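**Q** Shown below is the structure under consideration.
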Amino acid sequence: MRLTLVLTPLILCVALLGCSQAAVQMTSGVAPSVDIMSDPIETTDLQGWLRETKNILASEKFEKNLLKSGKVYSKIWFSSSDKIQTPETVLKSVKLTNSQKPSLWWVPTKLEVAGRAYRDNTQDDGINGNAWALAGFLKYTSSNEAIGVITLGREHLMRYRSADVVEKSCAINSLAHEISHTLSYKPKEFWSFFTDTGEKYGRPKGMMQASYFIGTVAQCTFLQNAKRIGEADLDACVETFGDPTYQTGSPLEDTPFASSACDNFSGTRPVTITGRDTP
């Protein structure tokens, strides 16, 4: 059985396969309206995870960091149709001010966690570490209807719960990345504007995709807010976790997030490429 937490843009309500009378007012953050499907025990952590991520994406510091990170990645891959763009265009798209794409809009989306409970350092099943967004390419018919799905393995939730702020920041990265896929370029239909297409679809080798770029900058903004890295450490942080050359064990062309390095920075170990266990 799955318990459902329904999150509209402003009102949060919890129920078993429905919605109770109780509701909690919540800051809307960035434009996406996201539903959460989960066991009630996880509800508080999921609320916090989503709220922190959305607030970062809506923050002035994130916007500034997105532009500053152009020094690290001046060219960004959008998709096989829109190809190479700039960090400035990423920002305009996220803010719905991209004059070349006036139809951009954020699609209401369900967020769910999958896999069995994660009790120790051993994954219970393979789904714990997975993350994906499912568009479904469905037509949008109601302002109250969620038509997208973001599914995150429970390893990501455990990262968010971690006392290690760098480990926690990786959960921010993953959720921000998946939220970026809920930006649609077709009116009243869910067609992701940012895709994770790799080299076989024309992306030049070593070039960051917009979705991973957004996730990485959100992560590094979180670390700045937490005082784990300084204002001058942004470039090093972006290079550390947003690295198209990082060997992850997954298909290299589609995973430029150095996820397996998330537990490499305990204590005050510098967040740099040379600080990773696998440079």
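**Q** When you look at S169, is it of a type in the set (S, T, Y), in contact with a strand residue (DSSP E or B) (Cβ under 6 Å, 6 or more places away or on another chain), modelled with pLDDT of 80 or more and surrounded by 21 or more Cβ atoms within 10 Å (Cβ to Cβ), yes or no?
**A** Details: of a type in the set (S, T, Y): yes; in contact with a strand residue (DSSP E or B) (Cβ under 6 Å, 6 or more places away or on another chain): no; modelled with pLDDT of 80 or more: yes; surrounded by 21 or more Cβ atoms within 10 Å (Cβ to Cβ): yes.
Criteria not met by S169.
**Q** How many residues does the stretch 187-202 contain that are more than 19 Å from F213 (Cα to Cα) and at pLDDT 65 or above?
**A** Start the filter on the stretch 187-202 by keeping residues that are more than 19 Å from F213 (Cα to Cα), which leaves 187-191, 200.
Restricting the remaining residues to those that are at pLDDT 65 or above gives 187-191.
Total satisfying the criteria: 5.
Rundown of residues vs (1) out of contact with any Leu (no Cβ under 9 Å at 6 or more places or on another chain); (2) touching a residue at least 12 places away in the same chain (Cβ under 8 Å), yes/no style:
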site: C170; (1), (2): yes, yes
site: N173; (1), (2): yes, yes
site: A176; (1), (2): no, yes
site: L183; (1), (2): no, yes
site: P187; (1), (2): yes, yes
site: C220; (1), (2): no, yes
site: Q224; (1), (2): no, yes
site: E231; (1), (2): yes, no
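**Q** Cβ-Cβ below 7 Å, separation at least six or inter-chain, first residue in the stretch 69-94 and part of a loop (DSSP other than H, G, I, E, B), second acidic (D, E): which pairs?
**A** So the pair list comes out as V72/D235; V72/E239.
**Q** Might you let me know whether the stretch 116-128 holds any residue that is aromatic (F, W, Y) and at pLDDT 50 or above?
**A** So the first thing to find is which residues in the stretch 116-128 are aromatic (F, W, Y), and the list is 118.
Filter once more, so that each one left must be at pLDDT 50 or above: none.
No.
**Q** When the residues of the stretch 225-254 are filtered to those that are surrounded by 20 or more Cβ atoms within 10 Å (Cβ to Cβ) and farther than 15 Å from S169 by Cα, which remaining residue is modelled with the highest pLDDT?
**A** Of the stretch 225-254, the ones surrounded by 20 or more Cβ atoms within 10 Å (Cβ to Cβ) are 229, 234, 237-238, 240-244, 246.
Going one step further and asking which of them are farther than 15 Å from S169 by Cα, we end up with 243-244, 246.
Values: D243: 82, P244: 78, Y246: 68.
Checking each candidate, the answer is D243.
**Q** Could you check the stretch 74-102 and list, in sequence order, the residues that are more than 19 Å from I179 (Cβ to Cβ) and either at pLDDT below 90 or of a type in the set (S, T, N, Q) (or both)? It would help to see each step written out before you state the result.
**A** Step one: filter the stretch 74-102 for residues more than 19 Å from I179 (Cβ to Cβ), giving 74-75, 80-81, 83-84, 86, 88, 99-100, 102.
Answer for the stretch 74-102, where residues must be more than 19 Å from I179 (Cβ to Cβ) and either at pLDDT below 90 or of a type in the set (S, T, N, Q) (or both): S74, S80, S81, K83, I84, T86, S99, Q100.
**Q** For the stretch 57-79, enumerate the residues that are of a type in the set (K, R) and out of contact with any strand residue (DSSP E or B) (no Cβ under 7 Å at 6 or more places or on another chain). Before you say what the answer is, go through the steps one by one.
**A** Here is the first cut: in the stretch 57-79, the ones of a type in the set (K, R) are 61, 64, 68, 71, 75.
Scanning the stretch 57-79 gives K61, K64, K68, K71.
**Q** Here's a follow-up. For the structure I just gave you, tell me whether G48 is modelled with pLDDT under 90 and surrounded by fewer than 16 Cβ atoms within 10 Å (Cβ to Cβ). Working first, answer last.
**A** On the way: modelled with pLDDT under 90: yes; surrounded by fewer than 16 Cβ atoms within 10 Å (Cβ to Cβ): yes.
So G48 fits the description; yes.
**Q** Residue check: is I179 touching a strand residue (DSSP E or B) at 6+ places or on another chain (Cβ under 9 Å), over 17 Å from V72 (Cα atoms) and either part of a helix (DSSP H, G or I) or of a type outside the set (G, A, S) (or both)? Please lay out each step first, then the result.
**A** Working: touching a strand residue (DSSP E or B) at 6+ places or on another chain (Cβ under 9 Å): yes; over 17 Å from V72 (Cα atoms): yes; either part of a helix (DSSP H, G or I) or of a type outside the set (G, A, S) (or both): yes.
Answer is yes for this residue.
The values are calculated or read from the model by the stated rules, or taken from the named source; none is laboratory data. The model shown is predicted, which means the values in this text are computed figures rather than measured ones. Positions of Cβ are generated from backbone atoms using ideal geometry, with glycine treated the same way; all protein chains shown enter the neighbour counts.
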